[in-house]
Amino acid sequence: MTATAKDFASIAPFSPGADSRRGFFTVQAAGQLFGLPVDAVQTIFRLQAVTPVPLGPAVVAGLVNLRGKIVVALSLEKRLGLQSNGGATSALAVAVERRGETFALIVDGVGDAIECEEHERISSPRHIHDERARLTAAYYRTAGGILPILDVEALFDMRADALVARPPSQQSTNSSAGASP
C-alpha cells in the first residue's frame, strides 16, 4: 500500500488564512487518532527493515530505506508518550518532509484523508499535558470526536526536547553564555 500526497491534491493543505478548509491525513498510534497536514506528507509506505541507531534517542526507531534514500524513522507512539497497545510492531510509516529533509513516522495505521472547516477548530482541551500540547498544532471537532492535528515542526525538533528537559538554571546559563543546545 503506497499513497502519495499527489493522490489527494484536491484537499487544501494546512495554511492559515488561505481558505476555511484544511486537509489532513489521519493516522493511528496506540489506538488514538491524529491528523497530519496533507502538505507535509510525501508518501505512505510499508517498512521492510529498520536498522537500530545505537545510543540514539528512544523515539528514534532507527534508519529505513525509502526508495533508495536512508531516512530517520521515529515512533509516533513513543514521540507522543503513549502507552503501547502491546500489539505487534507496526510495519507502516508516513514519509514526512520537514525543512527539506525527509523523515519516516512509524504509525499503527493510516486512515482517511479528510477536510476540516475552520469553524470546527476548537481550543486545546484542558486535560492535555503540556508536552503533548507542544506537539499539537490544532484540534478539530469531527463526526468521530476531537482530532488533534500534529505539529510536524515540533515532532521532529529534538533540540526543543532538550531545552524542555533542562532545569531552568541550566537554560539561562547556556543562553547567556551563547551556547547552543
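The values are calculated or read from the model by the stated rules, or taken from the named source; none is laboratory data. From a predicted model like this one, the values you see are computed outputs, not experimental measurements. Neighbour counts run over all protein chains shown; Cβ positions are idealised from the backbone, glycine included.
Key figures
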| item | result |
| --- | --- |
| Selected residue (criterion: surrounded by the fewest Cβ atoms within 10 Å (Cβ to Cβ)) from residues of the range 37-46 that are farther than 11 Å from Ala95 by Cα and in contact (Cβ under 8 Å) with a residue 40 or more places away in the chain | Val38 |
| Selection count where residues are in contact with a strand residue (DSSP E or B) (Cβ under 8 Å, 6 or more places away or on another chain), among the hydrophobic types (A, V, I, L, M, F, W, C) and under 24 Å from Glu97 (Cβ atoms), scope the range 123-153 | 7 |
| Any chance Gly35 is touching a Cys at 6+ places or on another chain (Cβ under 9 Å) and either part of a strand (DSSP E or B) or on the phi > 0 side of the Ramachandran plot (or both) | yes |
| Test: residue in the range 76-90 that is of a type in the set (Lys, Arg) and without any contact (Cβ under 8 Å) to a residue 60 or more places away in the chain | yes |
| Odd one out for Lys78, checked against (1) surrounded by 17 or more Cβ atoms within 10 Å (Cβ to Cβ); (2) in a strand (DSSP E or B) | (2) |
| Residue match in the range 85-105 (condition: among the polar types (S, T, N, Q), within 20 Å of Glu153 (Cα to Cα) and modelled with pLDDT of 90 or more) | yes |
| Some residue of the range 41-58 being touching a helix residue (DSSP H, G or I) at 6+ places or on another chain (Cβ under 6 Å), among the β-branched types (Val, Ile, Thr) and at pLDDT below 90 | no |
| Which numbered condition Ile128 fails, given (1) modelled with pLDDT under 85; (2) farther than 22 Å from Gly111 by Cβ | (2) |
| Qualifying residue in the range 159-181 (condition: under 14 Å from the mean Cα position of the chain (by Cα) and either surrounded by fewer than 18 Cβ atoms within 10 Å (Cβ to Cβ) or at pLDDT 90 or above (or both)) | no |
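Conditions tested, residue by residue: (1) in contact with a helix residue (DSSP H, G or I) (Cβ under 9 Å, 6 or more places away or on another chain); (2) without any contact (Cβ under 8 Å) to a residue 12 or more places away in the chain; (3) under 22 Å from Val60 (Cβ atoms).
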position	(1), (2), (3)
Ala113	yes, no, no
Glu117	no, no, no
Arg132	no, no, yes
Thr142	yes, no, no
Asp151	yes, no, yes
Ala154	yes, no, yes
Asp157	no, yes, yes
